[in-house]
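Visitor: Submitted below is the structure of interest, expressed as C-alpha cells.
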Amino acid sequence: MKTKKIVLIVVAAIVIFLVIYNFFLKGKKADFTLFDVVRGNVVQEVSETGQVQQGEAIKLNFKTSGTIDWVYVKVGQEVWPGSALAKLDTSQLSIELNESQYALKVAEAKLNQILAGTSPEEIQAAQTDVDNAQIALEDAKAKLTEDVGQAYDDALNTLDNAYLRGVGAFNTVRIIQITYFYGNDQESTAVKNAKTGIENNLAQIKNYLDGAKTDSSQAKADPALGQTKTSLGEIYSSLNTVRNMTEASNYQDVVSSANKTSLNTDRININTVLTNITDARQSISSAKLSNQTKVNVAEGDLKGAQDALAIKKAGPRQTDVNYYQAQVEQARAKVNLLETQIKEATLRSPVRARITEINKRVGETVQPTSNDNVIVVLPTDPYDIKVDIYEEDVVKVKIGDSVDIKLPAFPGQIFFGKVISIDPAEELIEGVVYYKVTVGFENPPQEIKPGMSADITIKTAEKQNVLTIPGGALEKKDNKTFVRLIKNEKSEKIEIQIGLSGSDDLIEVVSGLAEGDKIAVPK
C-alpha cells in the first residue's frame, strides 16, 4: 500500500509539472524578433498627389556658387533631357576629389589592416617606434637642460658685467666728489648722496651676484636679474644727478670736460647693461619655452607610440573595428559629396525644351541664391505635373530627383520623370505650409490631358551597399541612438550612429555595428 501511495504522488507531480509547462513556460513567447545586420540599399522617397497642367518656362540656376567655365548652348537651340547647358569651373573640386579618393583608400587600407591582425614584424616596428620616441624624449630633455643652463651662464656673465660697470660708475663719481664737491653747498650734498646711493646699490648687486653663483644658481638667477635691473636703474638715476650738478652755475666751468665725458660714458655703459639684462631674461624665458614645448611634443609622441604598440599587441577590438569602419564611411561620404558637387556643376536641361534665355557668360560668377537665372528653357512637351509638397518633406527634394508617375487614367502603367523646379514661395493650404514642385515627364502618353490627377513618388536620396537595420530596432535617449545587440545569448544596449532613413523603414548604420551582428526588434 505504501509503495502504491508513493507512485500516485509521483504521477500527480508529473501531471502538475506538465500543466505548468504547457500553460506557462511553453506558452511564454519572446517579446522581440532577431534581425541580422546586412548590407543593402536605403531609398528615401516622398509621395504626393498632383495634377497635370500645361507646361511653363523653366528657370534654371546652379545649386552652388562658382565661375562659369563653359556655355554649351545658344538661344533658340533645342535640347533633350539631360543635355549639358553650362558648366562651372571644377578644377579645385577635382583636386579635392583626388585627395578625398586617396584618403578613402588610406582609410580602407587601415580597416583591412586592423581586420587582418598584427604581424610580428609590425609589432617589432611599433616597438622600434617606442624606442625611438624614448630616445627623442631624452634628447629633448637634455637639450632643455643644456640650453637653459647656457642661458643662465650667459645671464651670470651679464650680472658680472653689470657689477663691473657699476663699480666703474662709482669710481668716477667718487673722484668727482673728492675733487670738486667736498663742501657743504647744495650741489655737494646732492653729489655725496648720489655717491652713497651708488655704493649701496653696488652692495646689493654684489649680494645678488654672489647668491646667483651658489649651487642653486638657476633658482636665484631669475630674481637676481630683476633686482639688479632695479639697482642699475637707481645707479643710472644717481649718475644723472651728478651730471646735472656738474652743469650747475658754480661748477659748470670748474668740473673738467674729461670728468663730464666719463660720466656720460658711465651712463651709456649702465644703459647698455640694462638692455643686456632684459635680453638675458628673454633668452632664459625663450630657452625654457621652446625646449619645454619640444619636450611636451616628445612626451606626446612617446605616449602615442606606446599606445600604438599596446593596440598592436592586444589585437583588434570591436571598438577599433567600428572606429575604422566609421573612418571609411566618413571618407566615402566625402568622396560622394565631391562627386555630387562636380556633377551638379554642370547645368542640365530637366526636359526636352528650347533655349529662350541665356543670362550669364563665361567668366561670370553665379550664386545659387541669386534672383538671376542662368538659363531659361521652354519645354517642348506641353504638359508637366504640379504638386504641393509639405514643408518637412520639401527639404529632402532636389531638382533632378527621379520621379515615378502613376496616372489613374492609365492604370497599371508607370511613367518616369524628374523634378524640374521648386517654387521658393510657400503656399498656405488649410493653415499648413506647402511648396509647389514641378515634375516633368520623360515620355508622357499621347492621350494625356490637362487636369488629370497624378500620383508621384520622388526618390530623394539613396545609399547603396550600406549596413542596414529595421527602424523599429532604434531606441532614442538624450539625442543618442541605441539598439539591443544579441551576443552569446545575452542582450547588450549599445550606442550607434545612423545615416539615411529609408521610406521602407530601413535605416543606414554608419558605425557601432558590423555586418552579421544580431539585434533585437520589439514586436
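Visitor: Of all residues in the range 389-438, which are acidic (Asp, Glu) and surrounded by fewer than 11 Cβ atoms within 10 Å (Cβ to Cβ)?
Guide: Residues satisfying the conditions are Glu392, Glu430.
Visitor: Can you tell me which residues in the range 234-264 are within 60 Å of the chain's Cα centre (by Cα) and surrounded by 19 or more Cβ atoms within 10 Å (Cβ to Cβ)?
Guide: Those that are within 60 Å of the chain's Cα centre (by Cα) and surrounded by 19 or more Cβ atoms within 10 Å (Cβ to Cβ): Ile235, Tyr236, Ser238, Leu239.
Visitor: Among the residues in the range 217-233, are any surrounded by 17 or more Cβ atoms within 10 Å (Cβ to Cβ) and farther than 23 Å from Val148 by Cα?
Guide: Looking for residues that are surrounded by 17 or more Cβ atoms within 10 Å (Cβ to Cβ) and farther than 23 Å from Val148 by Cα, one finds at least one in the range 217-233, hence yes.
Visitor: Would you check which residues across the range 366-415 are among the polar types (S, T, N, Q) and modelled with pLDDT of 90 or more and list them?
Guide: none
Visitor: Would you confirm whether or not the range 94-117 contains a residue that is surrounded by 18 or more Cβ atoms within 10 Å (Cβ to Cβ) and farther than 30 Å from Ala305 by Cα?
Guide: Yes: one or more hits.
Results for (1) out of contact with any helix residue (DSSP H, G or I) (no Cβ under 8 Å at 6 or more places or on another chain); (2) touching a residue at least 60 places away in the same chain (Cβ under 8 Å), shown as yes or no for each residue.
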| residue | (1), (2) |
| --- | --- |
| Pro316 | no, yes |
| Ala326 | yes, yes |
| Ala333 | yes, no |
| Leu338 | no, yes |
| Ala345 | no, yes |
| Arg352 | yes, yes |
| Ile358 | yes, yes |
| Val366 | yes, yes |
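Visitor: If you don't mind, another one. Any chance you could count how many residues in the range 85-139 are within 30 Å of Arg354 (Cα to Cα) and part of a helix (DSSP H, G or I)?
Guide: So the count comes out to 1.
Visitor: While we're looking at this one, here's another question. When you look at Lys459, is it part of a strand (DSSP E or B), more than 22 Å from Phe62 (Cα to Cα), in contact (Cβ under 8 Å) with a residue 40 or more places away in the chain and open to solvent by 70 Å² or more (accessible area, probe 1.4 Å), yes or no?
Guide: no
Visitor: Looking at the range 26-76 only, could you name the residues that are open to solvent by 60 Å² or more (accessible area, probe 1.4 Å), outside any strand (DSSP E or B), within 30 Å of Lys487 (Cα to Cα) and touching a residue at least 12 places away in the same chain (Cβ under 8 Å)?
Guide: Asp31
Visitor: Right, another one. Being in a helix (DSSP H, G or I) and either crowded, with 18+ Cβ neighbours inside 10 Å or modelled with pLDDT under 90 (or both) is the filter here, so list the residues in the range 173-182 that pass it.
Guide: Val173, Ile176, Gln177
Visitor: Then there's this: With (1) under 30 Å from Ala190 (Cα atoms); (2) not in a helix (DSSP H, G or I) as the list, and Asn271 as the residue in question, which single condition is left unmet?
Guide: Of everything listed in (1) under 30 Å from Ala190 (Cα atoms); (2) not in a helix (DSSP H, G or I), Asn271 misses just condition (2).
Visitor: Additional query: What is the number of the single condition among (1) under 30 Å from Leu60 (Cβ atoms); (2) part of a loop (DSSP other than H, G, I, E, B); (3) open to solvent by less than 50 Å² (accessible area, probe 1.4 Å) that Ala454 does not meet?
Guide: (2)
Visitor: If I ask for residues that are part of a strand (DSSP E or B) and open to solvent by 30 Å² or more (accessible area, probe 1.4 Å), which ones from the range 462-488 would you list?
Guide: Of everything in the range 462-488, those that are part of a strand (DSSP E or B) and open to solvent by 30 Å² or more (accessible area, probe 1.4 Å) turn out to be Glu462, Lys463, Gln464, Asn465, Glu475, Lys476, Lys477, Lys480, Phe482, Arg484, Ile486, Lys487.
Visitor: Would you please name the residue that is modelled with the lowest pLDDT, looking only at residues in the range 195-239 that are part of a helix (DSSP H, G or I) and among the charged types (D, E, K, R)?
Guide: Lys220
Visitor: Hey, another quick one. Among the residues of the range 489-523, how many are in a strand (DSSP E or B), over 29 Å from the mean Cα position of the chain (by Cα) and acidic (Asp, Glu)?
Guide: Residues flagged as in a strand (DSSP E or B), over 29 Å from the mean Cα position of the chain (by Cα) and acidic (Asp, Glu) within the range 489-523 amount to 1.
Visitor: Could you check the range 379-406 and list, in sequence order, the residues that are closer than 20 Å to Gln53 by Cα and part of a loop (DSSP other than H, G, I, E, B)?
Guide: Residues satisfying the conditions are Thr380, Asp381, Pro382, Ile399, Gly400, Asp401.
Visitor: Exactly one of these conditions fails for Lys294: (1) touching a residue at least 40 places away in the same chain (Cβ under 8 Å); (2) over 25 Å from the mean Cα position of the chain (by Cα); (3) open to solvent by 60 Å² or more (accessible area, probe 1.4 Å). Give me its number.
Guide: Here Lys294 meets the rest and fails (2).
Visitor: Can I ask one more? If you scan the range 362-416, which residues turn out to be among the hydroxyl-bearing types (Ser, Thr, Tyr), out of contact with any Gly (no Cβ under 9 Å at 6 or more places or on another chain) and within 26 Å of Thr346 (Cα to Cα)?
Guide: Within the range 362-416, Thr369, Ser370 qualify.
Visitor: So is Asp210 of a type in the set (D, E, K, R), under 24 Å from Thr228 (Cβ atoms) and either exposed (fewer than 15 other Cβ atoms within 10 Å of the Cβ) or touching a residue at least 60 places away in the same chain (Cβ under 8 Å) (or both) or not?
Guide: Yes.
Visitor: Could you identify the single residue in Asp160, Asp185, Asp147 that is out of contact with any Pro (no Cβ under 8 Å at 6 or more places or on another chain), closer than 30 Å to Ala248 by Cα and open to solvent by less than 60 Å² (accessible area, probe 1.4 Å)?
Guide: Sole residue among the options that is out of contact with any Pro (no Cβ under 8 Å at 6 or more places or on another chain), closer than 30 Å to Ala248 by Cα and open to solvent by less than 60 Å² (accessible area, probe 1.4 Å): Asp185.
Visitor: Taking the range 311-340, which residues are more than 21 Å from the chain's Cα centre (by Cα), in a helix (DSSP H, G or I) and of a type outside the set (D, E, K, R)?
Guide: Answer for the range 311-340, where residues must be more than 21 Å from the chain's Cα centre (by Cα), in a helix (DSSP H, G or I) and of a type outside the set (D, E, K, R): Ile311, Ala314, Gln318, Thr319, Val321, Thr340.
The values are calculated or read from the model by the stated rules, or taken from the named source; none is laboratory data. Because the structure is predicted, anything quoted here is derived from the model rather than measured. Neighbour counts run over all protein chains shown; Cβ positions are idealised from the backbone, glycine included. We work out accessible area using only protein heavy atoms, side chains counted, and drop any ligands, DNA or RNA first. Shrake-Rupley method; radii C 1.70, N 1.55, O 1.52, S 1.80 Å.
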